[in-house]
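Please read the structure below before turning to the comments.
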Amino acid sequence: MSLPATAEPSDIDAAFRAVDRRTDLLVDVSHQIFEHPELCFQEHFAHDLLCNALESEGLTVQRHAHGLDTAFVAEAGSTGPTVAVICEYDALPGVGHACGHNVIAAAGLGAGLVAAELAERLGGRVRIMGTPAEEGGGGKVLMLRDGAFDGVDAAIMVHPADHDLPAMAAIAIQRLNVTYTGRASHAAAAPWDGANALDAAVLGYVNVAALRQHIRPDERVHGIFTEAGEQPNIVPRSAAASWYVRSPSVDGLAALKERVLACLSAGAQAAGCTMAHEWLDPAYDDMVDDAWLSRRWAQHSAAIGRPPQDPAVVGAVVGSTDMGNVSHAVASIHPMIAVAPPGVAIHTPEFARHARGPGGDAAVIDGAKALAAVVLDRWAAGG
């Protein structure tokens with residue numbers, strides 16, 4: 001479908017001014033979420049903070065939405081296209097908001113509030129969605145399955161990074177848990193009576209390390225040991241590992257999963273142990289950014305002094321997100337906004353410091369403005 005129309009410049013200016021009026025609120029929300037890091041499906045503080053902010057401006061909020069205790073949905077507008085504005089707010093274990101989800105939440109809140117203010121006058125609808133557990137729990141996938149995105153014409157969000165980028169190189173992922181079972185024995189008195197489950201896990205790990213030489217350069221496999229025995233003088237009877245398997249597409253992921261599982265199973269066979277495995281649901285699909293929405297984001301981002309850079313030149317941000325699943329059902333974008341200097345990677349303590357600093361604060365306001373402008377463009381396009 002052709003979407004040639006865009007919002008009037010005067011309406012964009014009005015949206016920008018509406019964001020500016022909320023600067024103190026949005027920065028405060030970002031800081032509060034940062035200072036109360038909560039892991040996936042435990043984001044009670046962030047859930048209540050965001051819901052309260054929405055309700056304070058007259059919006060009706062469905063708390064604990066779609067069967068998830070820390071999800072929410074608020075809507076405004078009665079006619080026209082529906083744009084979902086996404087808020088994420090879960091943190092990481094050990095490093096807090098080193099992925100900058102405090103910025104995502106506050107920018108989404110700002111764009112959503114402004115869109116709600118303008119919806120009736122401009123003839124559009126906005127659905128502000130709080131989506132928990134992006135860092136592994138797949139909150140958006142669960143909400144998608146429950147109908148949260150039904151009737152949505154576009155879904156948009158922005159994610160922090162070390163550059164302003166048109167998109168994230170978000171590839172498909174599925175998590176894997178593996179448990180090895182052997183036979184305990186005294187490691188000095190009778191090691192020959194044991195079957196070493198840790199050996200099985202280590203051999204499987206080494207097999208995967210060898211496999212990495214022969215997978216595509218845009219595929220990823222990484223894992224950790226989560227159980228490795230009880231004490232040195234007992235042959236480990238049990239060991240376990242957790243793995244992430246990633247590929248640029250769902251089909252590629254399916255093929256890579258078989259190869260990884262074969263490597264891990266071979267370790268168990270070589271050590272005389274048994275292996276059980278579980279592929280964790282939900283899997284994350286690759287991200288498909290809508291071309292028209294991406295162009296609108298790029299124009300507005302450039303207009304506020306953040307022209308998106310070429311990932312081929314400055315380096316792409318590679319990862320995975322449950323927004324990928326949404327993008328296969330609804331026209332979506334997942335651009336990146338700079339909060340940290342070039343070279344400061346996400347998921348690091350240094351990145352977390354910037355997410356709470358001046359760079360993060362500026363990204364909240366600029367991100368809210370560009371997202372709000374995209375909402376207005378999509379309304380103007382109709383359909």
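List the number of the failed condition for residue 115; all other conditions in (1) over 15 Å from the mean Cα position of the chain (by Cα); (2) assigned to a loop (DSSP other than H, G, I, E, B); (3) buried (at least 24 other Cβ atoms within 10 Å of the Cβ) hold.
Unmet for residue 115, out of (1) over 15 Å from the mean Cα position of the chain (by Cα); (2) assigned to a loop (DSSP other than H, G, I, E, B); (3) buried (at least 24 other Cβ atoms within 10 Å of the Cβ): (2).
How about region 163-263: which strands (runs of 3 or more DSSP E) wholly inside it have at least 1 residues that are outside the structural domain of residue 323 (by TED's automatic domain parsing) and over 30 Å from residue 318 (Cβ atoms)? It would help to see each step written out before you state the result.
On the way: elements: 172-181, 220-227, 238-247.
Correct list: 172-181, 238-247.
Can you find even one residue in region 220-229 that is in contact with a Gly (Cβ under 8 Å, 6 or more places away or on another chain) and modelled with pLDDT of 95 or more?
Looking for residues that are in contact with a Gly (Cβ under 8 Å, 6 or more places away or on another chain) and modelled with pLDDT of 95 or more, one finds none in region 220-229, hence no.
Select from region 162-190 the residues that are over 34 Å from the mean Cα position of the chain (by Cα) and either among the hydrophobic types (A, V, I, L, M, F, W, C) or modelled with pLDDT under 95 (or both) and list them in ascending order.
Within region 162-190, 184, 187, 188, 189, 190 qualify.
Return the residues of region 65-92 that are outside any strand (DSSP E or B) and either modelled with pLDDT under 95 or under 21 Å from residue 34 (Cα atoms) (or both); say none if nothing qualifies. Before you say what the answer is, go through the steps one by one.
Let us first name the residues in region 65-92 that are outside any strand (DSSP E or B), namely 65-71, 77-81, 88-91.
Within region 65-92, 69, 70, 71, 88, 89, 90, 91 qualify.
Sort out which residues of region 286-320 are surrounded by 15 or more Cβ atoms within 10 Å (Cβ to Cβ) and either assigned by TED's automatic domain parsing to the domain that holds residue 194 or within 16 Å of the chain's Cα centre (by Cα) (or both), and write them in order of number.
Selection gives 286, 287, 288, 289, 316, 317, 319, 320.
Say we look at region 1-37 and pick out the residues that are surrounded by fewer than 18 Cβ atoms within 10 Å (Cβ to Cβ) and among the polar types (S, T, N, Q); which of these is farthest from residue 105 (Cα to Cα)?
2
Quick one: would you say residue 366 is of a type in the set (D, E, K, R), modelled with pLDDT of 95 or more and farther than 26 Å from residue 148 by Cβ? Please lay out each step first, then the result.
Numbers: of a type in the set (D, E, K, R): yes; modelled with pLDDT of 95 or more: yes; farther than 26 Å from residue 148 by Cβ: yes.
Taking the combined requirement at face value, the residue satisfies it.
Can you report the number of residues in region 47-61 which are without any contact (Cβ under 8 Å) to a residue 60 or more places away in the chain and under 21 Å from residue 360 (Cα atoms)?
The qualifying residues number 1.
So that you can scan it fast, the table gives a plain yes or no per residue for (1) under 23 Å from the mean Cα position of the chain (by Cα); (2) surrounded by 14 or more Cβ atoms within 10 Å (Cβ to Cβ):
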residue	(1), (2)
221	yes, yes
246	yes, yes
256	yes, yes
259	no, yes
263	no, yes
274	no, yes
281	yes, no
284	yes, yes
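Filter region 228-242 down to the residues that are free of Cβ contacts under 8 Å to residues at least 40 places away in the same chain and on the phi < 0 side of the Ramachandran plot, then identify the one that is surrounded by the fewest Cβ atoms within 10 Å (Cβ to Cβ).
In the first step, residues of region 228-242 are kept if they are free of Cβ contacts under 8 Å to residues at least 40 places away in the same chain; the result is 228-231.
So of that shortlist, the ones also on the phi < 0 side of the Ramachandran plot come out as 228, 230-231.
On the way: 228: 14, 230: 12, 231: 7.
Among them, the one singled out is 231.
Please verify whether residue 108 is within 22 Å of the chain's Cα centre (by Cα), part of a loop (DSSP other than H, G, I, E, B), in the same structural domain as residue 337 (by TED's automatic domain parsing) and in contact (Cβ under 8 Å) with a residue 60 or more places away in the chain, treating the condition exactly as stated. Walk me through how you get there before you give the answer.
Values: within 22 Å of the chain's Cα centre (by Cα): yes; part of a loop (DSSP other than H, G, I, E, B): no; in the same structural domain as residue 337 (by TED's automatic domain parsing): yes; in contact (Cβ under 8 Å) with a residue 60 or more places away in the chain: yes.
Criteria not met by residue 108.
Among the residues of region 154-208, count how many are farther than 30 Å from residue 359 by Cα and not acidic (Asp, Glu). Explain how you work it out, then say what you get.
Just the residues of region 154-208 that are farther than 30 Å from residue 359 by Cα, to begin with: 174-208.
Filter once more, keeping what is not acidic (Asp, Glu): 174-192, 194-198, 200-208.
Total meeting the criteria: 33.
For every residue, the table says whether it meets (1) crowded, with 23+ Cβ neighbours inside 10 Å; (2) over 21 Å from residue 293 (Cβ atoms); (3) in contact with a strand residue (DSSP E or B) (Cβ under 6 Å, 6 or more places away or on another chain).
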site	(1), (2), (3)
39	no, yes, no
48	no, yes, no
56	no, yes, no
78	no, yes, no
97	yes, yes, no
111	yes, no, yes
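With respect to residue 354, is the statement that it is in contact with a Pro (Cβ under 9 Å, 6 or more places away or on another chain) and either surrounded by fewer than 17 Cβ atoms within 10 Å (Cβ to Cβ) or part of a helix (DSSP H, G or I) (or both) true? Before you say what the answer is, go through the steps one by one.
Details: in contact with a Pro (Cβ under 9 Å, 6 or more places away or on another chain): yes; either surrounded by fewer than 17 Cβ atoms within 10 Å (Cβ to Cβ) or part of a helix (DSSP H, G or I) (or both): yes.
Spelling it out, residue 354 is indeed in contact with a Pro (Cβ under 9 Å, 6 or more places away or on another chain) and either surrounded by fewer than 17 Cβ atoms within 10 Å (Cβ to Cβ) or part of a helix (DSSP H, G or I) (or both).
Taking the condition among the aliphatic types (A, V, I, L, M), free of Cβ contacts under 8 Å to residues at least 40 places away in the same chain and assigned by TED's automatic domain parsing to the domain that holds residue 100, does residue 338 pass? Walk me through it before giving the result.
Details: among the aliphatic types (A, V, I, L, M): yes; free of Cβ contacts under 8 Å to residues at least 40 places away in the same chain: no; assigned by TED's automatic domain parsing to the domain that holds residue 100: yes.
Considered against the rule, which asks whether it is among the aliphatic types (A, V, I, L, M), free of Cβ contacts under 8 Å to residues at least 40 places away in the same chain and assigned by TED's automatic domain parsing to the domain that holds residue 100, residue 338 comes out as no.
Check off (1) over 20 Å from the mean Cα position of the chain (by Cα); (2) closer than 30 Å to residue 61 by Cβ for residue 228 and give me the number that stays unchecked.
Exception for residue 228: condition (2).
The values are calculated or read from the model by the stated rules, or taken from the named source; none is laboratory data. These figures come from a predicted structure and were not determined experimentally. All Cβ positions, even for glycine, are placed from backbone atoms using ideal geometry, and neighbour counts span all protein chains on display.
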